[in-house]
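A.B. asks: Below is one structure. I have some questions about it.
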Amino acid sequence: MKKFILSTIGSVGYIVKYGCVAHCMFEYVGDFVLCSGPSMEPTIVSDDILLTEHISVIRQRISRGDVIIAKCPTNPKQQICKRVIGLPGDKIKVGFASSQIVPIGHVWLQGDNAGNSTDSRNYGPVPQGLIRSRAICKVWPLKSISTLTE
Amino acid sequence: MKIPNFFKNIIFGIPIGITIIDCFGYVARVDGISMQPALNPDRTQTDYVFLNKWAVKSYQIQRGDIISLISPKDPAQKIIKRVVGVEGDIIATLGYKKEIVRVPEGHCWIEGDHTGHSMDSNNFGPVSVGLITAKASCIVWPPSRWQLIQSALPDSRVPLNLLSKSIIGLAQF
C-alpha cells in the first residue's frame, strides 16, 4: 500500500514537471493554432493549423506583412488571425478621403479577405499588448504546407 | 552523481516557477504616485502588492477593483489602476476629448485614484479587457501596511447609468 501511494505521488510529480515544461514552451516559444473563419482567405482557409512563435512578440519585433494571432479587442476570450498592415506612425487610408495615423503602441490589422473580415476597419488600431504570437507556417493540411513569412 | 542532479533540478525548477507565476500570481513593486492614497500613500515608502492572476482568468472584473494591465501606449510597460466602468457603462470623463463616454463592448474604463497625476483612460480612452493581466489583492510589504485591498469606487466616480438607476430607485421608494 505504501509503495502504491509513493509511486502515485511519483507519477503525479512527473506529470506536473513535464506539464510545466510544456506550459512554458507553449507560452514563450511556440504553439499550434487551429484557424476558423473566412477572414484570411485565400492565404489561410478554415480548419488550417498554423505553427506560431512567441519570441518575436516578446522582443517586439513585429513588422508589416506579418500574420499574427491576437486577442480580439471586443471579446478577450476570442483570438483573431490577421495581417499587420500598419505600425505606429503609419498613415492608413480608411474610406475614400479620410486617413488615420496609427497611434504609438498600436498596430493596424486587416484580414486578407477584405470583403469578409472584421478587423481594424471596424474596431480601430489594436494595442500591441493584445498580440500573442506570429505565424511561421501552415502545417495542416499536408498538401498545403507553406511558410507565411517573407 | 551529485552535480548532474543539481543541474537537472534547475532545468525543471525554472519552468515550474514560471508556470506558478503565470497561473497564480506574483509580488510586484508599485511605482509612482498615480494610485495615491490607496497605494504608496507616503512618498518615502513603496508598497509591494500581490498580483493575483487566477482572479482574472475569465476576465471577470468588477467596478472598483485595482488591476494591473499592459499599457496601451507601450506594450513593455505595466500599469496599475482602478476599474471605474465596465462595458456598457456611461462615464463622465475628467479631461478626455469627449465629456461623456459610453464604454464599448469588451473594454473598460480605468483611472488612477490620484486624479490629475495619472496616465489613465482620461488620457488614452477605454482600454480592451484583454490587456488586463492581474488583480491586486493585497499589500504584502511593508508590514505596517499589510492589508487586503478592498474593491471600492469613490462616490464621485460612479458611472452615470448606475447613478440614474439609484435615483429612479429612490423616487420609487
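The values are calculated or read from the model by the stated rules, or taken from the named source; none is laboratory data. Model, not experiment: these values are computed from the prediction. Here the Cβ is made from the backbone with ideal geometry for all residues, glycine too, and neighbour counts use every protein chain on show. Calculation scope for accessible area: heavy atoms of the full protein, side chains included, ligands and nucleic acids excluded. Shrake-Rupley method; radii C 1.70, N 1.55, O 1.52, S 1.80 Å.
A.B. asks: Suppose we keep only residues that are open to solvent by 90 Å² or more (accessible area, probe 1.4 Å) and within 13 Å of chain B (Cβ to nearest Cβ) within the stretch A:1-17. Which one would you say is nearest to B:I11 (Cα to Cα)?
C.D. replies: A:Y14
A.B. asks: I've got another one for you. When B:D113 is evaluated against the numbered criteria (1) open to solvent by 60 Å² or more (accessible area, probe 1.4 Å); (2) within 24 Å of B:V27 (Cα to Cα); (3) under 18 Å from the mean Cα position of the chain (by Cα); (4) of a type outside the set (V, I, T), which criterion, by number, is the only one it fails?
C.D. replies: Condition (1) is where B:D113 drops out.
A.B. asks: Only residues that are under 14 Å from B:I21 (Cα atoms) and not hydroxyl-bearing (S, T, Y): list them for the stretch A:16-30, please.
C.D. replies: Of everything in the stretch A:16-30, those that are under 14 Å from B:I21 (Cα atoms) and not hydroxyl-bearing (S, T, Y) turn out to be A:C20, A:V21, A:H23, A:C24, A:E27.
A.B. asks: Here's a follow-up. Out of everything in the stretch B:125-154 that is within 22 Å of A:A70 (Cα to Cα) and of a type outside the set (G, A, S), what residue ends up being most open to solvent (accessible area, probe 1.4 Å)?
C.D. replies: If we take residues in the stretch B:125-154 being within 22 Å of A:A70 (Cα to Cα) and of a type outside the set (G, A, S), then B:K135 is most open to solvent (accessible area, probe 1.4 Å).
A.B. asks: Consider B:K81 against the criteria (1) at pLDDT 85 or above; (2) loosely packed, with under 12 Cβ neighbours inside 10 Å; (3) of a type in the set (K, R): it satisfies all of them except one. Which criterion is unmet?
C.D. replies: It is condition (2) that B:K81 fails.
A.B. asks: Shifting gears a bit: Test B:K2 against the stated conditions and say whether it is open to solvent by 20 Å² or more (accessible area, probe 1.4 Å), modelled with pLDDT under 90 and within 14 Å of another protein chain (Cβ to nearest Cβ).
C.D. replies: no
A.B. asks: So B:V101 passes all but one of these: (1) open to solvent by 60 Å² or more (accessible area, probe 1.4 Å); (2) farther than 28 Å from A:Q60 by Cβ. Which condition number does it fail?
C.D. replies: The single condition B:V101 does not satisfy is (1).
A.B. asks: Would you confirm whether any residue within the stretch A:89-108 is touching a residue at least 24 places away in the same chain (Cβ under 8 Å) and of a type in the set (S, T, Y)?
C.D. replies: no
A.B. asks: Right, next: Looking only at the stretch A:47-66, decide whether some residue is within 12 Å of another protein chain (Cβ to nearest Cβ), aliphatic (A, V, I, L, M) and over 23 Å from the mean Cα position of the chain (by Cα).
C.D. replies: Looking through the stretch A:47-66, none of the residues is within 12 Å of another protein chain (Cβ to nearest Cβ), aliphatic (A, V, I, L, M) and over 23 Å from the mean Cα position of the chain (by Cα).
A.B. asks: What strands (runs of 3 or more DSSP E) lie completely within the stretch B:65-173 and have 1 or more residues being over 27 Å from A:K77 (Cβ atoms) and more than 14 Å from chain A (Cβ to nearest Cβ)?
C.D. replies: The strands (runs of 3 or more DSSP E) meeting that bar are B:90-92, B:100-102, B:132-141.
A.B. asks: Still on this structure, I have one more. Kindly provide the set of residues from the stretch A:82-108 that are open to solvent by less than 20 Å² (accessible area, probe 1.4 Å), out of contact with any Phe, Trp or Tyr (no Cβ under 9 Å at 6 or more places or on another chain) and away from chain B (no Cβ under 11 Å), ordered by number.
C.D. replies: A:K82, A:W108
A.B. asks: Here's a follow-up. Name the strands (runs of 3 or more DSSP E) wholly within the stretch A:64-150 that hold at least 2 residues that are not polar (S, T, N, Q)?
C.D. replies: Counting at least 2 such residues, we get A:67-72, A:75-86, A:91-93, A:106-110, A:131-140.
A.B. asks: Exactly one condition in (1) exposed (fewer than 14 other Cβ atoms within 10 Å of the Cβ); (2) within 30 Å of A:I62 (Cα to Cα); (3) within 13 Å of another protein chain (Cβ to nearest Cβ) is not met by B:K8; state its number.
C.D. replies: The failed condition is (2).
A.B. asks: While we're on this one: May I ask you to list the residues in the stretch B:32-64 that are surrounded by fewer than 18 Cβ atoms within 10 Å (Cβ to Cβ) and not in a loop (DSSP other than H, G, I, E, B)?
C.D. replies: B:Y48, B:W54, B:A55
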